[in-house]
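Encoded as structure tokens, the structure appears first; notes follow it.
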Amino acid sequence: MMRPLNPALTQTFLPPVMEARRWLEGVQFAPERPLINVSQAAPVAPPPEDLRRVIAEAAMNLPEAHLYGPVMGHPELRQEVADAFSLPGVVLDASQVAITQGCNQAFCAAIAALAGQGDEVILPTPWYFNHKMWLDMAGVRAVPLPCREGMLPDPEEAARLITDRTHAIVLVTPNNPTGAEYPQGLVAAFHDVATRAGVTLIVDETYRDFDSRSGPVHDLRAREGARVVQLYSFSKAYRLTGHRVGALIADAEFMIQIEKFLDTVAICPNQLGQIGALWGMRNLGDWVQGERAEILTRRAATMDRLGAIPGWTLKSAGAYFAWLEHPFAEASDNLARRMVREVGVLALPGTMFTPDHDPQGARHLRIAFANVDADGIAGLSDRLAGLVADVHAS
């Protein structure tokens, strides 16, 4: 008889986006009423042509682009990231940056360096599901911290959850799945809590390029106290999702442990993706600002239209996301499946972002509007408004 597989992995839930895609199997959508897909937070358009040309030319003309590179990433890209994350009076250098295979790997590396079997990490809920999945796989207990008014977590509530097994607090801002932008004072208060407890503060800033605020939105690098680990992704700003390029920013001593992880699981980050990311950082500033302006336009349309659907309540919106409370008796996982069949909308239920049996998960949907323009958002609003209660729901 075969010995059982690793229970930490077998008991981790299935990838939510892949599960949602299976709901489309066998469903036909009329040409005049195509599917509105607001399930995945990733741009579907290719990178701008000039960036694609840079990658193509590197693939054809740079032999080293096809070889192993430095474990921690190309020094020039690391320095470019260090410059971008520096603050007035706080200058970072390349030794404080690691380039990773996407931001998910950056999170995995950070947790691997910080916590092990039986340790605890505080995650505000609703949480980003891949964060929860990795903690489960690693045998690290995710301690839920419910977000409340404005979908913001409470630092003092987090402080009460800290035990001698707590190793980190994780924040995501702008947030996935809610879109909430955490005020500078709130982030600073979490740093104070982390400092008092001697735990690390991890801040996932995947969507920082689409924050509605201008300029630095926190001053963590200027603060003494707790270790701060910042995470970033090039996938959204430069549409490099398939190239898997992310970054981790932390103190140089911490990077000694990060290098061990990255060398073991990847050897080096994607070469062509790094070339594209570096060129993008140096040449696409205005283009990224245009992308940001378009996302902010969609955010405004989302707040205007989804916030006005009778019976529905828009809790927050920002970056690529809206967190929407539905008015029906049924749980959101059942509702999301029904929406595909009845109104041609694919969205992720709140149950994918919350602990089991959390009533807030059952009441909400995540709407990812990055690939839906203002007209599409209006159509989405009309379809949701036309959805009627399931008479069979209890």
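Using a/c under 1.5 as the rounded threshold, could you call the range 1-87 rounded, prolate or oblate? The axes a ≥ b ≥ c are square roots of the C-alpha gyration tensor eigenvalues, and prolate needs a/b larger than b/c, oblate otherwise.
Oblate, since a/c reaches 1.5 and b/c is not below a/b.
Full extension from Ala45 to Arg337: what is 0.36 nm times the residue separation minus their Cα-Cα distance, to one decimal in nm?
Net length gain for the segment: 102.5 nm.
With the Cα gyration tensor of the range 45-108 in hand, convert its eigenvalues to equivalent ellipsoid semi-axes via √(5λ) and list them largest first in whole Å.
25, 15, 13
Indicate the gyration tensor shape class of the range 242-343 (rounded, prolate or oblate), computed on the Cα atoms with a ≥ b ≥ c the square roots of the eigenvalues: a/c under 1.5 is rounded; otherwise a/b larger than b/c is prolate and the rest oblate.
Here the range 242-343 falls in the prolate category.
Give me the Kirkwood hydrodynamic radius of the range 303-357 in Å, from all C-alpha pairs, to one decimal place?
12.2 Å
Over what distance in Å are the Cα centres of the range 222-286 and the range 20-35 separated?
Each part reduced to its Cα centre gives a spacing of 36 Å.
Kirkwood hydrodynamic radius, the range 15-138, all distinct C-alpha pairs: what's the number in Å?
19.1 Å
If each residue of separation counts as 0.36 nm, what is the full-extension length gain between Ala8 and Val91 once their alpha-carbon separation is subtracted?
Computed gain between Ala8 and Val91 is 25.8 nm.
Which three extents, in whole angstrom, do the alpha-carbon atoms of the range 353-393 cover along their principal axes, largest first?
35, 27, 10
Can you give the percent of C-alpha pairs in the range 158-254 whose distance is more than 20 Å?
Everything past 20 Å amounts to 40 percent.
Please report the carbon-and-sulfur percent of the accessible area for the range 132-281; probe 1.4 Å, protein heavy atoms only, DNA, RNA and ligands left out.
49 percent
Using 5 Å bins from zero, what percent of all Cα-Cα pairs in the range 252-305 falls into each bin?
4, 15, 12, 12, 13, 12, 13, 11, 6, 2
With n ≥ 4 as the cut-off for DSSP H runs, can you work out [θ] at 222 nm for the chain, using -39500 (n - 2.57) per run divided by the number of residues, rounded to the nearest 500?
Calculated from helices alone, the mean residue ellipticity at 222 nm is -12000 deg cm²/dmol.
The chain: Rg/Rh from Cα coordinates, Kirkwood Rh?
That ratio is 0.96, to two decimals.
Once you put a point 7 Å from the Cα of Gln257 and another 7 Å from the Cα of Ser214, both along the Cβ direction, what distance in nm separates them?
Calculated label separation equals 4.0 nm.
The values are calculated or read from the model by the stated rules, or taken from the named source; none is laboratory data. Not measured: the values here are computed from a predicted model. Using ideal geometry, Cβ is built from the backbone for each residue, glycine included, and neighbour counts are taken over all protein chains shown. Ligands, DNA and RNA are excluded from the accessible area calculation, which covers all protein heavy atoms including side chains. Shrake-Rupley method; radii C 1.70, N 1.55, O 1.52, S 1.80 Å.
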